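The values are calculated or read from the model by the stated rules, or taken from the named source; none is laboratory data. Please read all numbers here as calculations on a predicted model, not as lab measurements. All Cβ positions, glycine included, derive from the backbone under ideal geometry; neighbour counts span all protein chains shown. Accessible surface is based on the protein model in full, side chains and every heavy atom, while ligands, DNA and RNA are left aside. Shrake-Rupley method; radii C 1.70, N 1.55, O 1.52, S 1.80 Å.
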Amino acid sequence: MNELQCGRNIDDCLNFYNLTLCSLENNTCVENHGFCVFNDKIQPKCVCLPCFIGEHCEEDRISRNLWQSVLPHNEIATNGAYIPAIIVLVWGAFLLLNGIFCLQTYLCRKIRETNLGIYLIMLSIVSIFIGLIVLIFASLALHIKELPQPLLFADLYCLIYGKFLYIPLVSMYNWFIACVAIERALVTCSKNYELHDSRRRSILVSIVIIIICPLSMLPGTFTVRQNQSAELRPVQCMNFTPFGYILHTTITCIHLLAFYLLYIIMNILVLGYLLKHRRRFVVADSLSAQIYLILRKHKDFFIPYLVQALTQLPHIIMGFITTCSMASTSLATYLFIIFLILQILPFLITFYLYIYLSPIYWIEFLYSSPIGKCLMKSKEKMRNAFHHNTVNNIELSQMRY
(Lines give C-alpha, C1' and ligand atoms only; values in the text may rest on other atoms or scores of the structure.)
Protein backbone atom coordinates (compact mmCIF):
# COMPACT_ATOMS: atom_id res chain seq x y z
CA MET A 1 0.00 0.00 0.00
CA ASN A 2 1.36 3.38 -1.01
CA GLU A 3 0.63 5.37 2.12
CA LEU A 4 1.66 8.70 0.60
CA GLN A 5 -0.80 8.30 -2.29
CA CYS A 6 -3.46 7.05 0.11
CA GLY A 7 -2.97 10.13 2.24
CA ARG A 8 -3.59 12.32 -0.80
CA ASN A 9 -6.76 10.46 -1.86
CA ILE A 10 -8.23 8.27 0.85
CA ASP A 11 -11.41 7.38 -1.07
CA ASP A 12 -9.55 5.77 -3.99
CA CYS A 13 -7.25 4.01 -1.53
CA LEU A 14 -10.17 2.50 0.39
CA ASN A 15 -11.68 1.11 -2.80
CA PHE A 16 -8.42 -0.11 -4.36
CA TYR A 17 -7.13 -1.93 -1.27
CA ASN A 18 -10.55 -2.91 0.07
CA LEU A 19 -9.97 -1.01 3.30
CA THR A 20 -12.39 0.28 5.91
CA LEU A 21 -12.14 3.30 8.16
CA CYS A 22 -11.79 2.53 11.86
CA SER A 23 -14.51 3.46 14.30
CA LEU A 24 -14.01 6.51 16.52
CA GLU A 25 -13.15 4.28 19.49
CA ASN A 26 -10.38 2.47 17.60
CA ASN A 27 -9.00 5.56 15.85
CA THR A 28 -5.55 6.26 17.30
CA CYS A 29 -4.52 8.87 14.70
CA VAL A 30 -4.08 12.51 15.65
CA GLU A 31 -7.21 14.39 14.61
CA ASN A 32 -7.02 15.92 11.11
CA HIS A 33 -3.56 14.39 10.60
CA GLY A 34 -4.54 11.07 9.03
CA PHE A 35 -7.02 8.21 8.68
CA CYS A 36 -7.21 4.95 10.62
CA VAL A 37 -7.84 2.02 8.20
CA PHE A 38 -7.96 -1.78 8.37
CA ASN A 39 -9.14 -4.92 6.54
CA ASP A 40 -8.93 -8.68 6.98
CA LYS A 41 -5.17 -8.72 6.32
CA ILE A 42 -4.13 -5.33 7.74
CA GLN A 43 -4.40 -4.44 11.39
CA PRO A 44 -5.71 -0.94 12.21
CA LYS A 45 -3.04 1.56 11.24
CA CYS A 46 -2.79 5.25 10.47
CA VAL A 47 -2.52 6.49 6.91
CA CYS A 48 -1.12 9.98 7.30
CA LEU A 49 -1.93 13.03 5.25
CA PRO A 50 0.99 14.24 3.08
CA CYS A 51 2.08 16.72 5.76
CA PHE A 52 2.49 14.23 8.62
CA ILE A 53 4.39 11.06 9.56
CA GLY A 54 4.65 8.77 12.54
CA GLU A 55 2.75 5.80 13.94
CA HIS A 56 -0.11 8.10 14.91
CA CYS A 57 0.68 10.88 12.38
CA GLU A 58 1.93 12.95 15.28
CA GLU A 59 4.99 14.49 13.56
CA ASP A 60 5.29 17.04 10.78
CA ARG A 61 6.68 15.47 7.62
CA ILE A 62 8.23 18.71 6.42
CA SER A 63 9.07 22.01 8.03
CA ARG A 64 6.68 24.86 7.41
CA ASN A 65 8.93 26.65 4.92
CA LEU A 66 8.45 23.78 2.42
CA TRP A 67 4.69 24.24 1.98
CA GLN A 68 5.21 24.83 -1.76
CA SER A 69 6.36 21.22 -2.20
CA VAL A 70 2.87 19.85 -1.38
CA LEU A 71 0.86 22.13 -3.68
CA PRO A 72 -1.38 19.87 -5.84
CA HIS A 73 -0.47 21.40 -9.22
CA ASN A 74 -1.84 18.43 -11.15
CA GLU A 75 -5.31 19.09 -9.75
CA ILE A 76 -5.60 22.39 -11.62
CA ALA A 77 -4.21 21.23 -14.98
CA THR A 78 -2.67 18.26 -16.74
CA ASN A 79 1.08 18.34 -16.08
CA GLY A 80 0.38 21.27 -13.77
CA ALA A 81 3.66 20.66 -11.97
CA TYR A 82 5.43 22.23 -14.97
CA ILE A 83 3.53 25.53 -14.68
CA PRO A 84 5.77 27.11 -11.99
CA ALA A 85 8.91 25.96 -13.83
CA ILE A 86 7.71 27.59 -17.08
CA ILE A 87 6.84 30.83 -15.28
CA VAL A 88 10.21 30.89 -13.55
CA LEU A 89 11.97 30.11 -16.85
CA VAL A 90 10.40 33.18 -18.48
CA TRP A 91 11.32 35.24 -15.42
CA GLY A 92 14.94 34.08 -15.58
CA ALA A 93 15.23 34.97 -19.27
CA PHE A 94 13.94 38.52 -18.76
CA LEU A 95 15.99 38.92 -15.59
CA LEU A 96 19.16 38.03 -17.49
CA LEU A 97 18.32 40.23 -20.49
CA ASN A 98 17.33 43.27 -18.42
CA GLY A 99 20.35 42.79 -16.17
CA ILE A 100 22.72 42.94 -19.15
CA PHE A 101 21.05 46.07 -20.55
CA CYS A 102 21.05 47.81 -17.15
CA LEU A 103 24.67 46.84 -16.43
CA GLN A 104 25.85 48.37 -19.71
CA THR A 105 24.17 51.61 -18.68
CA TYR A 106 25.51 51.69 -15.12
CA LEU A 107 29.06 50.99 -16.30
CA CYS A 108 29.07 54.29 -18.17
CA ARG A 109 31.58 56.70 -16.65
CA LYS A 110 29.16 59.30 -15.30
CA ILE A 111 27.26 56.63 -13.36
CA ARG A 112 29.99 54.27 -12.19
CA GLU A 113 31.95 57.12 -10.61
CA THR A 114 29.23 57.62 -7.98
CA ASN A 115 28.34 55.62 -4.86
CA LEU A 116 24.88 55.17 -6.29
CA GLY A 117 26.41 53.74 -9.45
CA ILE A 118 28.31 51.09 -7.46
CA TYR A 119 25.10 49.84 -5.87
CA LEU A 120 23.31 49.84 -9.23
CA ILE A 121 26.17 47.91 -10.84
CA MET A 122 26.06 45.32 -8.07
CA LEU A 123 22.27 45.13 -8.42
CA SER A 124 22.63 44.38 -12.14
CA ILE A 125 25.36 41.77 -11.60
CA VAL A 126 23.27 39.97 -8.98
CA SER A 127 20.29 40.13 -11.36
CA ILE A 128 22.34 38.48 -14.11
CA PHE A 129 23.51 35.69 -11.78
CA ILE A 130 19.96 35.05 -10.56
CA GLY A 131 18.75 34.92 -14.14
CA LEU A 132 21.44 32.40 -15.13
CA ILE A 133 20.75 30.13 -12.16
CA VAL A 134 17.00 30.25 -12.71
CA LEU A 135 17.37 29.53 -16.42
CA ILE A 136 19.64 26.53 -15.85
CA PHE A 137 17.64 24.85 -13.10
CA ALA A 138 14.19 25.64 -14.51
CA SER A 139 15.24 24.20 -17.90
CA LEU A 140 16.60 21.04 -16.28
CA ALA A 141 13.49 20.71 -14.08
CA LEU A 142 11.30 20.59 -17.19
CA HIS A 143 13.35 17.60 -18.45
CA ILE A 144 14.12 15.92 -15.14
CA LYS A 145 12.74 12.55 -16.30
CA GLU A 146 15.20 12.54 -19.19
CA LEU A 147 18.27 13.32 -17.08
CA PRO A 148 20.80 10.46 -16.64
CA GLN A 149 21.12 11.13 -12.88
CA PRO A 150 17.92 12.74 -11.59
CA LEU A 151 18.88 12.13 -7.95
CA LEU A 152 22.11 14.10 -8.40
CA PHE A 153 20.08 16.91 -9.95
CA ALA A 154 17.72 16.80 -6.96
CA ASP A 155 20.65 17.24 -4.58
CA LEU A 156 22.15 20.08 -6.62
CA TYR A 157 18.75 21.72 -6.95
CA CYS A 158 18.30 21.71 -3.20
CA LEU A 159 21.80 22.85 -2.30
CA ILE A 160 22.45 25.41 -5.06
CA TYR A 161 19.05 26.67 -6.10
CA GLY A 162 17.18 26.14 -2.86
CA LYS A 163 19.73 27.05 -0.22
CA PHE A 164 23.29 28.24 -0.74
CA LEU A 165 23.20 30.32 -3.93
CA TYR A 166 19.77 31.43 -5.10
CA ILE A 167 18.42 32.56 -1.71
CA PRO A 168 21.59 34.53 -0.77
CA LEU A 169 21.51 36.20 -4.21
CA VAL A 170 17.88 37.24 -3.71
CA SER A 171 18.83 38.63 -0.29
CA MET A 172 21.69 40.57 -1.90
CA TYR A 173 19.30 41.90 -4.54
CA ASN A 174 16.94 43.26 -1.88
CA TRP A 175 19.76 44.76 0.19
CA PHE A 176 21.24 46.54 -2.83
CA ILE A 177 17.81 48.02 -3.56
CA ALA A 178 17.74 49.24 0.04
CA CYS A 179 21.24 50.69 -0.40
CA VAL A 180 20.12 52.59 -3.51
CA ALA A 181 17.22 54.08 -1.55
CA ILE A 182 19.51 54.99 1.38
CA GLU A 183 22.14 56.58 -0.88
CA ARG A 184 19.56 58.67 -2.71
CA ALA A 185 18.04 59.76 0.59
CA LEU A 186 21.46 60.81 1.93
CA VAL A 187 22.32 62.77 -1.21
CA THR A 188 18.91 64.42 -1.37
CA CYS A 189 18.30 65.22 2.30
CA SER A 190 21.77 65.73 3.80
CA LYS A 191 24.33 68.43 3.10
CA ASN A 192 27.13 66.16 4.33
CA TYR A 193 26.75 63.72 1.43
CA GLU A 194 27.35 64.50 -2.23
CA LEU A 195 26.65 62.49 -5.36
CA HIS A 196 30.37 62.27 -6.19
CA ASP A 197 31.70 61.44 -2.73
CA SER A 198 34.42 58.83 -2.41
CA ARG A 199 33.16 55.40 -3.47
CA ARG A 200 34.85 53.77 -0.48
CA ARG A 201 31.55 53.80 1.40
CA SER A 202 29.58 51.97 -1.28
CA ILE A 203 32.39 49.48 -1.97
CA LEU A 204 32.72 48.54 1.71
CA VAL A 205 28.94 48.19 2.11
CA SER A 206 28.76 46.02 -1.03
CA ILE A 207 31.54 43.74 0.28
CA VAL A 208 29.71 43.36 3.61
CA ILE A 209 26.46 42.43 1.82
CA ILE A 210 28.24 39.91 -0.42
CA ILE A 211 29.84 38.25 2.63
CA ILE A 212 26.93 38.36 5.08
CA CYS A 213 24.13 37.06 2.83
CA PRO A 214 25.76 33.65 2.06
CA LEU A 215 27.01 33.29 5.66
CA SER A 216 23.47 33.76 6.94
CA MET A 217 22.55 30.41 5.38
CA LEU A 218 25.21 28.43 7.26
CA PRO A 219 23.17 27.89 10.48
CA GLY A 220 20.64 25.96 8.41
CA THR A 221 23.31 23.40 7.58
CA PHE A 222 23.31 22.06 11.15
CA THR A 223 19.55 22.09 11.78
CA VAL A 224 18.30 19.79 8.99
CA ARG A 225 16.17 16.75 9.86
CA GLN A 226 17.79 13.32 9.76
CA ASN A 227 16.58 10.07 8.14
CA GLN A 228 14.28 11.73 5.61
CA SER A 229 12.28 9.70 3.09
CA ALA A 230 13.45 9.40 -0.53
CA GLU A 231 10.62 11.49 -2.03
CA LEU A 232 11.86 14.49 -0.03
CA ARG A 233 15.29 14.46 -1.66
CA PRO A 234 14.73 17.65 -3.74
CA VAL A 235 13.97 19.61 -0.54
CA GLN A 236 15.73 17.66 2.19
CA CYS A 237 18.47 20.26 2.69
CA MET A 238 15.74 22.78 3.58
CA ASN A 239 13.66 20.46 5.75
CA PHE A 240 14.51 21.87 9.16
CA THR A 241 13.98 20.72 12.71
CA PRO A 242 11.57 22.87 14.80
CA PHE A 243 14.52 24.90 16.11
CA GLY A 244 16.02 25.09 12.63
CA TYR A 245 12.76 26.43 11.25
CA ILE A 246 12.64 29.18 13.88
CA LEU A 247 16.23 30.10 13.05
CA HIS A 248 15.55 30.05 9.31
CA THR A 249 12.42 32.18 9.71
CA THR A 250 14.28 34.71 11.87
CA ILE A 251 17.06 35.11 9.30
CA THR A 252 14.53 35.37 6.45
CA CYS A 253 12.56 38.03 8.34
CA ILE A 254 15.71 40.06 8.85
CA HIS A 255 16.56 39.95 5.16
CA LEU A 256 13.03 40.73 3.97
CA LEU A 257 11.49 42.95 6.63
CA ALA A 258 14.62 45.04 7.14
CA PHE A 259 14.71 45.67 3.40
CA TYR A 260 11.07 46.78 3.37
CA LEU A 261 11.47 48.90 6.51
CA LEU A 262 14.56 50.70 5.21
CA TYR A 263 12.99 51.22 1.80
CA ILE A 264 9.80 52.72 3.27
CA ILE A 265 11.69 54.99 5.68
CA MET A 266 14.00 56.31 2.94
CA ASN A 267 11.10 57.02 0.59
CA ILE A 268 9.20 58.85 3.31
CA LEU A 269 12.28 60.93 4.15
CA VAL A 270 12.88 61.91 0.53
CA LEU A 271 9.20 62.63 -0.10
CA GLY A 272 9.00 64.72 3.07
CA TYR A 273 12.12 66.68 2.17
CA LEU A 274 10.96 67.40 -1.38
CA LEU A 275 7.49 68.34 -0.15
CA LYS A 276 8.91 70.72 2.44
CA HIS A 277 11.21 72.29 -0.16
CA ARG A 278 8.36 72.70 -2.66
CA ARG A 279 5.95 74.26 -0.17
CA ARG A 280 8.41 77.07 0.44
CA PHE A 281 7.80 78.32 -3.08
CA VAL A 282 4.36 76.95 -3.96
CA VAL A 283 1.62 77.39 -1.36
CA ALA A 284 -1.45 77.54 -3.57
CA ASP A 285 -1.53 73.83 -4.51
CA SER A 286 -3.17 71.31 -2.23
CA LEU A 287 -1.10 68.72 -0.40
CA SER A 288 -2.32 65.91 -2.65
CA ALA A 289 -1.53 67.93 -5.77
CA GLN A 290 1.99 68.67 -4.58
CA ILE A 291 2.63 65.00 -3.70
CA TYR A 292 1.38 63.98 -7.14
CA LEU A 293 3.68 66.49 -8.86
CA ILE A 294 6.68 65.32 -6.79
CA LEU A 295 6.00 61.67 -7.59
CA ARG A 296 5.59 62.53 -11.25
CA LYS A 297 8.77 64.58 -11.43
CA HIS A 298 10.85 62.04 -9.50
CA LYS A 299 9.18 58.93 -10.89
CA ASP A 300 12.55 57.33 -11.61
CA PHE A 301 13.20 57.23 -7.84
CA PHE A 302 9.81 56.32 -6.39
CA ILE A 303 8.12 54.13 -9.00
CA PRO A 304 10.63 51.31 -9.78
CA TYR A 305 11.34 50.18 -6.23
CA LEU A 306 7.77 50.82 -5.09
CA VAL A 307 6.39 48.60 -7.85
CA GLN A 308 8.93 45.90 -7.12
CA ALA A 309 8.32 45.98 -3.36
CA LEU A 310 4.52 45.92 -3.63
CA THR A 311 4.38 43.10 -6.17
CA GLN A 312 6.63 40.90 -4.02
CA LEU A 313 4.57 41.49 -0.90
CA PRO A 314 1.61 39.07 -1.55
CA HIS A 315 3.97 36.16 -2.25
CA ILE A 316 6.01 36.94 0.87
CA ILE A 317 2.91 37.20 3.07
CA MET A 318 1.59 33.91 1.69
CA GLY A 319 4.93 32.29 2.46
CA PHE A 320 4.77 33.37 6.10
CA ILE A 321 1.15 32.40 6.82
CA THR A 322 0.71 29.22 4.74
CA THR A 323 1.13 25.85 6.43
CA CYS A 324 1.53 22.44 4.83
CA SER A 325 -2.12 21.57 5.50
CA MET A 326 -3.32 24.85 4.00
CA ALA A 327 -1.19 24.28 0.89
CA SER A 328 -2.80 20.91 0.09
CA THR A 329 -5.73 22.56 -1.72
CA SER A 330 -6.41 23.76 -5.26
CA LEU A 331 -7.16 27.25 -3.96
CA ALA A 332 -3.67 27.52 -2.47
CA THR A 333 -2.19 26.40 -5.81
CA TYR A 334 -4.10 29.02 -7.76
CA LEU A 335 -3.10 31.75 -5.30
CA PHE A 336 0.53 30.63 -5.45
CA ILE A 337 0.61 30.84 -9.25
CA ILE A 338 -1.15 34.23 -9.30
CA PHE A 339 1.20 35.68 -6.69
CA LEU A 340 4.21 34.17 -8.47
CA ILE A 341 3.21 35.86 -11.73
CA LEU A 342 2.58 39.11 -9.87
CA GLN A 343 6.00 38.85 -8.25
CA ILE A 344 7.88 38.46 -11.52
CA LEU A 345 5.98 41.08 -13.55
CA PRO A 346 8.27 44.00 -12.55
CA PHE A 347 11.32 41.94 -13.53
CA LEU A 348 9.95 41.70 -17.08
CA ILE A 349 10.16 45.49 -17.39
CA THR A 350 13.21 46.17 -15.21
CA PHE A 351 14.96 48.07 -18.00
CA TYR A 352 11.91 50.30 -18.44
CA LEU A 353 11.55 50.94 -14.69
CA TYR A 354 15.23 51.56 -13.93
CA ILE A 355 16.59 53.08 -17.16
CA TYR A 356 13.85 54.47 -19.40
CA LEU A 357 12.02 56.35 -16.61
CA SER A 358 15.25 58.19 -15.74
CA PRO A 359 16.20 60.82 -18.37
CA ILE A 360 19.84 60.73 -17.24
CA TYR A 361 20.17 56.94 -17.41
CA TRP A 362 18.26 56.76 -20.70
CA ILE A 363 20.59 59.26 -22.37
CA GLU A 364 23.64 57.43 -21.00
CA PHE A 365 22.28 54.14 -22.36
CA LEU A 366 21.69 55.56 -25.84
CA TYR A 367 24.98 57.40 -26.23
CA SER A 368 27.46 55.51 -24.03
CA SER A 369 26.52 51.83 -23.82
CA PRO A 370 27.50 49.42 -26.65
CA ILE A 371 23.89 48.34 -27.27
CA GLY A 372 22.66 51.94 -27.17
CA LYS A 373 25.32 53.07 -29.65
CA CYS A 374 24.38 50.20 -31.94
CA LEU A 375 20.70 51.20 -31.75
CA MET A 376 21.53 54.84 -32.49
CA LYS A 377 23.66 53.85 -35.49
CA SER A 378 20.85 51.65 -36.80
CA LYS A 379 18.39 54.49 -36.30
CA GLU A 380 20.69 56.87 -38.17
CA LYS A 381 21.10 54.41 -41.06
CA MET A 382 17.33 53.95 -41.29
CA ARG A 383 16.84 57.72 -41.23
CA ASN A 384 19.44 58.24 -43.98
CA ALA A 385 17.93 55.45 -46.04
CA PHE A 386 14.46 56.95 -45.64
CA HIS A 387 15.77 60.41 -46.55
CA HIS A 388 17.57 59.00 -49.60
CA ASN A 389 14.41 57.22 -50.79
CA THR A 390 12.36 60.35 -50.22
CA VAL A 391 14.79 62.46 -52.29
CA ASN A 392 14.80 59.87 -55.10
CA ASN A 393 11.00 59.77 -55.15
CA ILE A 394 10.84 63.57 -55.35
CA GLU A 395 13.36 63.62 -58.23
CA LEU A 396 11.41 60.93 -60.09
CA SER A 397 8.22 62.89 -59.63
CA GLN A 398 9.85 66.06 -60.98
CA MET A 399 11.22 64.16 -64.01
CA ARG A 400 7.75 62.93 -64.91
CA TYR A 401 6.46 66.46 -65.08
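Normalised size of segment 312-357, defined as Cα radius of gyration per 2.2 N^0.38 Å with N residues, equals 1.46. Cα centroid separation, segment 322-340 to segment 155-184: 24 Å. Highest mean packing comes first when the peptides 135-146, 237-248, 173-184 are listed by Cβ atoms within 10 Å, giving 173-184, 237-248, 135-146.
For segment 79-238, the convex hull drawn through the C-alpha positions has a volume of 131 cubic angstrom per residue. Each of T241 and S368 was given a label point 7 Å from its Cα along the Cα-to-Cβ line. The distance between the two points is 5.3 nm.
With each label modelled as a point 7 angstrom along the Cα→C-beta vector, the L97-Q226 pair spans 5.0 nm. Hydrophobic long helices, here whole DSSP H runs in the chain with Kyte-Doolittle means of at least 1.6 and Cα atoms spread over 30 Å or more along the helix axis, are found at 82-106, 115-142.
Using only alpha carbons, segment 202-252 has a radius of gyration to Kirkwood radius ratio (Rg to Rh) of 1.14.
Cα centroid separation, segment 343-385 to segment 253-274: 29 Å.
Using R0 = 60 Å, the C-beta based FRET efficiency linking T78 and K191 works out to 0.45. Of the peptides 196-204, 310-318, the order by per-residue mean of other Cβ atoms within 10 Å, starting with the highest, comes out as 310-318, 196-204. Normalising the Debye intensity of segment 153-297 to I(0), with uniform scatterers on Cα atoms only, and taking log10 at q = 0.12, 0.18, 0.22 Å⁻¹ returns -0.67, -1.04, -1.31. Expressed as a whole percent, the accessible surface of segment 272-341 that belongs to carbon and sulfur atoms is 71, based on a 1.4 Å probe.
Listed here are the pairs K110/K299; K276/K379; K163/K299; K110/K276; which of them are more than 32 Å apart at the Cα? Beyond 32 Å between Cα atoms: K276/K379; K163/K299. Packing here is the average count of other Cβ atoms within 10 Å per residue, and on that basis the peptides 9-18, 123-132, 88-97, highest first, run 123-132, 88-97, 9-18.
From the P(r) of segment 229-351, could you give the percentage of C-alpha pairs in the tail past 19 Å? When every Cα pair of segment 229-351 is considered, 65 percent fall beyond 19 Å.
For a modelled paramagnetic label at L275, 7 Å from Cα along Cα-to-Cβ, the residues of segment 289-324 in reach, with backbone nitrogen under 12 Å, are 289-295. With a Förster radius of 30 Å applied to the beta-carbon distance between L159 and I87, the computed FRET efficiency rounds to 0.85.
Take the Cα of M382, step 7 Å toward its Cβ, do the same at K110, and the gap between the two points is 2.4 nm.
What FRET efficiency comes out for the pair R199/I317, r = Cβ-Cβ distance, R0 = 25 Å, nearest 0.05? Efficiency at R0 = 25 Å is approximately 0.10.
Over every Cα atom in segment 12-138, the radius of gyration and the widest Cα-Cα span, Dmax, amount to 25.5, 81 Å. Scaling against 2.2 N^0.38 Å puts the C-alpha radius of gyration of the chain at 1.29. What share of Cα pairs, in percent, lie more than 16 angstrom apart in segment 58-112? Value for segment 58-112 (Cα pairs over 16 Å): 66 percent. Counted over segment 96-170 with a bin width of 10 Å, the fraction of Cα pairs per bin, in whole percents, is 19, 37, 24, 14, 6.
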